[in-house]
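I have placed the structure first, in the form of C-alpha cells, so that the comments after it can refer back to it.
Throughout, read-outs are computed from the coordinates displayed, never taken from laboratory work. Quantities reported herein were computed from a predicted structural model and do not represent experimental measurements. Note that we place each Cβ from the backbone using ideal geometry, even for glycine, and neighbour counts take in every protein chain shown.
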Amino acid sequence: HDDMKQIAKYYDDTGMLDFIGVVGSGCDTHNTLANVIPNMSYPPEPFLHLAAGIKEVVKVPVLHAQNIKDPNQATRILEGGYVDMVGMTRAHIADPHLIAKIKMGQIDQIKQCVGANYCIDRQYQGLDVLCIQNAATSREYMGLPHIIEKTSGVKRKVVIVGGGPAGMEAARVAAERGHDVTLFEKKDQLGGQITLAAKAPQRDQMAGITRWFQLELARLNVDLRLGTGADAASILDLRPDIVVLANGGHPFIEQNEHWGAAEGLVVSSWDVLDGKVAPGKNVLVYDTICEFTGMSVADFIADKGAKVEIVTDDIKPGVAIGGTSFPTYYRSMYPKEVIMTGDLMLEKVYREGDNLVAVLENEYTGAKEERVVDQVVIENGVRPDETLYYGLKEGSRNKGQIHVEALFAIQPQPCLSEAGAGYLLFRIGDCVAQRNTHAAIYDALRLCKDF
C-alpha cells in the first residue's frame, strides 16, 4: 500500500491526471479476480481503507467502487471524507432507477444489489449481463419494463400459488398492474429456495431479494396467505380470473432407485440446509448440478466440523459457478479440508452395519470405488410438483397452456384478450422445469406484465 501511495503521488504531481480510481486488488489469478468485484461473501466496502490512503497523498479527486451498494452507505463514505466519489455499478444493474428513487424519497423501493455476481460472472463467460433479481435489465430493447404501468383493461382477480422468486415477482407485477392479488405460500415465510440459499456460509445476503419483495408486496396490498397450502377448492373459492402456479418442485433424489431415497439411505441438500436433517460427521455430498447448492451444502456441513467429500460426475465440483464466485467457495472449503472429487458417478448406496457405503463409478474408465460414510447428501436438481396443475388444467379456459412463441417474444398471451367464462391457468418457475432464481423471476415478469 505504501508503494501505491508513492506511485499515486508521483503521477498526481505531474498535473496530468483528472482523477484516480482505486481498485483494492490485482486480477492476475482466479483468486485475486474475485477481489476486484467483491461478492456477498465480502463485508461492505472491504477496500475503502486503501482508497482513503491514496486520497491522503493526492490532490485530484479519488473514486472508489467496490461493494458500495446503497445510498446511505455511499453518503456515509462521502461525508466521512474517505473518497471524493463513489461508483455503484452493480447497484445500477439491479435498479437503474436508483438515483430517481433517491430524489423522490423512495429509498425503501430501491432493489438493492445483493452481491450474487450473476451479472459479472455472465460477462466473464461471454454472455449478456443480467441481474439475478431484475429480469428487465439488459432486456429493455425487447420490451421488458422496469416500471410496470397500470392496465387500461379490466381489473382481474389473480391467484398465485407459491412464494418463491417466481411467485413473488408474479404477485408484484400483477398488483402493479392494478389487479386484486392473493398469494398462497404453504410455509410461514416468503422466499422459497432463496431462504435455503441464505442459510449457507457466505450466502446470507441472498435474503435481501426476499426482503425487497416483502416490502413491495406490503406496499401494493397483496393478500398474503402464509402458512396456507392451496388446493383446487381453495383457489376456485376465490373465483379467480387468472391462476398462476409457482409452487416449485421437490429435490429429485428418487431419480436413481439404487441411491436408496425410498429406504432413507440418502437425504437432499434441502433437508440439510433447511434444518430438517442434522449434518453427519463423515459425509459424502454428491452433486450432479455443479452450481451453488451443492457447494453451499458441502460448505455448510464442513462448517459444523464434519469431514466432507463433495463428488460430481462433472470435471470438478462447482464447475458451473462463475469466475468471481467459485474462488470464495474454495477459500472457505480448503481450510476445512473438504475433499473435492470429479469424474465419479454415484451408482448406488447400501447400508453396512451402522455405516453407509457409496459405490462410485469413474465416468471414463468404469472403475468402481467405495466410500464408507455416515451420511450421503444428494444435490440432483428439482423435479416439478405437477399435481395441482393437472387438477386445475381441464377446468381452465386455456387448458393450462402458455403460448410459448408469444412468451419468448415478450408479447401478451393471446388468451388474455379472448372472451370467455372461467379462469386462465399458467405455471412458471420450477413447477415447469428446474430454473435458477433469475429465470424464475424472468418467467413471471414476461408473463404477468400484460395481465
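What to note about this one:
- For the stretch 116-161 versus the stretch 226-262, the gap between their alpha-carbon centres in whole angstrom: 25
- Descending by average beta-carbon neighbour count within 10 Å, the peptides 185-192, 373-380, 170-177, 267-274 line up as 170-177, 373-380, 267-274, 185-192, the highest first.
- The tail of the calculated P(r) for the stretch 117-187 beyond 21 Å holds 42 percent of all Cα-Cα pairs.
- Eligible aspartates and glutamates near Lys281 by straight Cα distance, threshold 20 Å, same-chain separation 8 or greater: Asp271, Asp299, Asp303, Glu309, Glu337, Glu352, Asp354, Glu370, Asp374, Glu379
- For Glu363, the residues whose amide H sits under 5 Å from its own are Leu344, Met345, ignoring neighbours fewer than 5 places away on the same chain, with H placed 1.01 Å from N.
- Computed from backbone phi, the HN-Hα couplings of the stretch 335-346 come to x, 8, 6, 5, 8, 10, 10, x, 6, 10, 9, 7 Hz, rounded to whole numbers (Karplus: 6.51 cos²θ - 1.76 cosθ + 1.60, θ = phi - 60°; Gly and Pro given as x).
- Spherically averaged projected area of the stretch 262-396 from its Cα convex hull (nm²): 10.7
- Overall form of the stretch 77-216 per C-alpha gyration tensor (a/c, 1.5; a/b vs b/c): prolate
- Value of D in µm² per second that Stokes-Einstein yields for the stretch 324-421, Kirkwood Rh from Cα pairs, at 4 °C (1.567 mPa s): 68
- Per-residue packing, averaged as other Cβ atoms within 10 Å, sorts the ranges 281-291, 395-405, 211-221, 155-165 into the order 155-165, 281-291, 211-221, 395-405, beginning with the highest.
- DSSP finds beta bridges in the chain, and of those with both partners inside it, around 30 percent are antiparallel.
- Counted by Cβ distance under 14 Å from Gly248, the other residues give a net charge of -2, where Lys and Arg count +1 and Asp and Glu count -1.
- Pair-distance distribution P(r) for the stretch 2-124, from all Cα-Cα distances in 5 Å bins starting at 0: 2, 11, 19, 20, 19, 15, 10, 4, 1 percent.
- Surface/4 of the Cα convex hull for the chain, nm²: 25.2
- Shown here is the pair-distance distribution of the stretch 54-120: with all Cα-Cα distances grouped in 5 Å bins from zero up to the longest one, the shares run 3, 17, 25, 22, 17, 9, 6, 1 percent.
- Relative contact order, percent, the chain [alpha-carbon distance under 8 Å, six or more residues apart]: 15
- Here, the stretch 274-350 yields an orientationally averaged convex hull projection of 5.3 nm² when only Cα atoms define the hull.
- Taking every DSSP helix (H) stretch of at least 4 residues in the chain, weighting each as -39,500 (n - 2.57) and dividing the sum by the residue count yields a mean residue ellipticity at 222 nm of -8500 deg cm²/dmol.
- The stretch 241-283: proportion of alpha-carbon pairs further apart than 12 angstrom, %: 69
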